[in-house]
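The values are calculated or read from the model by the stated rules, or taken from the named source; none is laboratory data. The structure displayed is predicted, hence computed values, not measured ones. Cβ sites come from the backbone with ideal geometry, for glycine too, and all protein chains shown count toward neighbours. Ligands, DNA and RNA are excluded from the accessible area calculation, which covers all protein heavy atoms including side chains. Shrake-Rupley method; radii C 1.70, N 1.55, O 1.52, S 1.80 Å.
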Amino acid sequence: MTATASAAAAAGLAASAPACRLCGAELTRTFVDLGMSPPCEAILRADQIDQGETFYPLNVRICTQCLLVQLPAYVAETEIFDDYAYFSSFSTSWVEHARQYVEKATDRLGLDAGSSFVVEVASNDGYLLQHVQAQGIRCLGIEPSRTVAEAAVAKGIPTLVEFLGEQSGRTVRAEHGPADLVVANNVFAHVPDIVDFAKGLRALVADDGRVTIEIPHLLRLIEGNEYDTIYHEHFSYLSLLTTQRVLAAAGLTVVDVEELASHGGSLRTWSAPTEAVESGRVVPTAAVAEVLAAEADFGLHSVEGHDGFAEQVAQVRDDFVSFLLDARRAGKRVVAYGAPGKGNTLLNHCGVRADLLEFAVDRNPYKHGRFLPGTHIPVHAPEALDAARPDYVVIMPWNLRKEISAQLAPVADWGGKLVVALPHLEVFEPGT
C-alpha cells in the first residue's frame, strides 16, 4: 500500500469511527479487541443450534478525550434485555449482599416505613427490594426485562417493565413521587445512552435524596485480568473518574465511594443532586479523593495508562486452552459449573467447544436443555455432575469461587478437582 493510500485508509477509519457516548469524540483507539462473539445471554434452544447465529465485534475502545472505556452499541439494548435469562436470586451470596446493603442504607439515610420511598433500577427478580419491603418501606422496581420482572411481581414487589431515561424517570416521579433512595446495582455499565440514563436517575431522586450505583471497577478489571466481564450488554467500563463525569452531566455529584469485593472488585458510589453539594448541604467524603488518587497512580487518568491489557488477555487465553488440550490428551473429562454470560466471552474468545468442555450445569432451570451461544455447549441441571463424575469442573462465575467451591465439595468424593481460568489459571481441591 502506498503512503497516500495508507493515509486515505486511516482517514476513512477515523471518519467511520463511532462517537464517544459521553463527550462525542471519535473513538479511534482500541483498549482490547476480543474478536467476534454472539450476545452472551442469547442461550439457544435445541431447535436453534442448526440455525445461523449473529456474531458481533467485541472491540473495546477508549476515548482519548474523556477517557471513558466503552464498547460501541453493536447490539441494541432491546435485543439483549427483552428476554433476559439472568435471575439474581439464584446467587445466595448476591442476595445476602443486597440484604446487607439495604440494612446499611436504611440506617445511613434514616429510611422508615412511614414516609420513605425506595426505587431500584434494573431491579431484576426483586432480589434487593424484597429486603426493603420486609422493613415496610414503600418501594418500586424498574426492570427492562419482562421475564425477570414477572418473577418480581409474583413475589408481590411492584415492578414497572421499562427502560430508564430522563423522560421515563420524570413520568415515574410524577406518578409515584420523588425517591429518598434510588438504587442502580450493576446496570450503569449496561446502558448505551449512559447520560440519558443518569438523567433518569436524577429525575427519580428527591432533592435531598441519594443515588447509589454499583459498578465493576475498571482498575480491578485490568489488575485482575477480568476480561470475561467484557460482553455486549456491558457498554461502558468505568473508573471513578469517568463515573463522576457521566453523573456530573446529569446534575449528580459523587459524595462518597466504597470499594467492594463483588464482581472481582467494584465501586459503590453515593451521589447527591449537585445543587445540594454546591450549597454546602452535602460535603463529599475523603474516600472520593482517595480512590481518585489510587486510579491516577495506576495510570487510569491518562490514555497511555490503559495500555498493556491486551497482552494480559492473550496470556489468560493461552493458559486456559493449553489446560483443556492437555486434559483431552490425557483422556480427562472437563465440564463447567455455571452458565453466566461472562463465561461465554471467555469460551468464545478461546474458541472452546464441546470437544474440550463437555457440558455446563447451572442452577437456573430456564437454561436446562439449552445450549451456550456460539459454542453450543449443552447446559444441564446440577445433578448431571453426580452422574458424569468429571475429572475437572471449571467454575465459570469465578467471582463466586468461594461460595461455589463449598457447594462442589462432593466433587472430591470421586477425586475430581476444580478449575478457574481467571484471574489466572488455577487447579485446586473442592471446598478450598
Next item on the list: Identify, by number, the condition in (1) open to solvent by 20 Å² or more (accessible area, probe 1.4 Å); (2) closer than 21 Å to residue 65 by Cα that residue 259 doesn't meet.
Entry: (2)
Margin query: I want to confirm something. Restricting to segment 224-246 and keeping residues that are open to solvent by less than 10 Å² (accessible area, probe 1.4 Å) and assigned to a loop (DSSP other than H, G, I, E, B), which single residue is modelled with the lowest pLDDT?
Written below: 233
Note to self: Can you list the helices (runs of 4 or more DSSP H) lying wholly within segment 146-219 that have 3 or more residues being surrounded by 24 or more Cβ atoms within 10 Å (Cβ to Cβ)?
What the structure shows: 194-204
Next item on the list: Could you run through segment 128-145 and say how many residues are assigned to a loop (DSSP other than H, G, I, E, B) and either more than 14 Å from residue 184 (Cβ to Cβ) or of a type in the set (Gly, Ala, Ser) (or both)?
Entry: 4
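State all residues of segment 298-311 that are part of a helix (DSSP H, G or I) and open to solvent by less than 60 Å² (accessible area, probe 1.4 Å); if no residue qualifies, say none. Explain how you work it out, then say what you get.
First, pick out the residues of segment 298-311 that are part of a helix (DSSP H, G or I): 298, 304-306, 309-311.
Within segment 298-311, 305, 306, 309, 310 qualify.
Do the conditions hold for residue 389, that is, is it at pLDDT 95 or above, at positive phi and among the basic types (Lys, Arg)? Reasoning before the result, please.
Values: at pLDDT 95 or above: yes; at positive phi: yes; among the basic types (Lys, Arg): yes.
Considered against the rule, which asks whether it is at pLDDT 95 or above, at positive phi and among the basic types (Lys, Arg), residue 389 comes out as yes.
Of the residues 90, 81, 31, only one is open to solvent by less than 20 Å² (accessible area, probe 1.4 Å), aromatic (Phe, Trp, Tyr) and at pLDDT below 95; which?
On the way: 90 fails: open to solvent by less than 20 Å² (accessible area, probe 1.4 Å); 31 fails: at pLDDT below 95.
Matching residue, one of 90, 81, 31: 81.
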Next item on the list: Would you mind finding the one in 374, 343 that is touching a residue at least 60 places away in the same chain (Cβ under 8 Å) and assigned to a loop (DSSP other than H, G, I, E, B)?
Entry: 374
Next item on the list: Collect the residues in segment 352-386 that are modelled with pLDDT under 95 and aromatic (Phe, Trp, Tyr), keeping them in residue-number order.
Entry: 366
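Taking the condition out of contact with any strand residue (DSSP E or B) (no Cβ under 9 Å at 6 or more places or on another chain), open to solvent by less than 40 Å² (accessible area, probe 1.4 Å) and assigned to a loop (DSSP other than H, G, I, E, B), does residue 316 pass? Let's see the steps before the verdict.
Working: out of contact with any strand residue (DSSP E or B) (no Cβ under 9 Å at 6 or more places or on another chain): yes; open to solvent by less than 40 Å² (accessible area, probe 1.4 Å): yes; assigned to a loop (DSSP other than H, G, I, E, B): no.
Against the criterion (out of contact with any strand residue (DSSP E or B) (no Cβ under 9 Å at 6 or more places or on another chain), open to solvent by less than 40 Å² (accessible area, probe 1.4 Å) and assigned to a loop (DSSP other than H, G, I, E, B)), residue 316 does not qualify.
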Check: Which ones in segment 118-135 are within 23 Å of residue 208 (Cα to Cα), small (Gly, Ala, Ser) and open to solvent by less than 10 Å² (accessible area, probe 1.4 Å)?
Finding: 123
Next item on the list: Taking residue 264 as meeting all but one of (1) farther than 24 Å from residue 95 by Cα; (2) open to solvent by 20 Å² or more (accessible area, probe 1.4 Å), write down the number of the exception.
Entry: (1)
Next item on the list: State which residue pairs qualify: first residue under 22 Å from residue 32 (Cβ atoms) and inside segment 282-310, second residue among the polar types (S, T, N, Q) and open to solvent by 30 Å² or more (accessible area, probe 1.4 Å) in any location, beta carbons under 7 Å apart, and separation of 6 or more residues or different chains.
Entry: 303/64
Checklist line | Tally of residues being assigned to a helix (DSSP H, G or I) and open to solvent by less than 40 Å² (accessible area, probe 1.4 Å) across segment 410-432 | finding: 1
Notebook entry, point to check: Within segment 328-339, is there a residue that is modelled with pLDDT of 95 or more, part of a helix (DSSP H, G or I), surrounded by fewer than 19 Cβ atoms within 10 Å (Cβ to Cβ) and not β-branched (Val, Ile, Thr)?
Noted result: yes
Check: Can you spot a residue in segment 399-408 that is of a type in the set (Asp, Glu), open to solvent by 50 Å² or more (accessible area, probe 1.4 Å) and either touching a residue at least 12 places away in the same chain (Cβ under 8 Å) or farther than 20 Å from residue 43 by Cα (or both)?
Finding: no
Check: Counting only residues that are of a type in the set (S, T, N, Q) and closer than 18 Å to residue 198 by Cα, which one in segment 145-184 is nearest to the chain's Cα centre (by Cα)?
Finding: 168
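For residues that are among the small types (Gly, Ala, Ser) and modelled with pLDDT under 95, scanning just segment 135-153, find the one that is farthest from residue 99 (Cα to Cα).
Going through segment 135-153, the residues among the small types (Gly, Ala, Ser) turn out to be 136, 141, 145, 149, 151-152.
Those still in the list that are modelled with pLDDT under 95 too: 145, 149, 151-152.
On the way: 145: 22, 149: 19, 151: 18, 152: 16 Å.
In this case the residue turns out to be 145.
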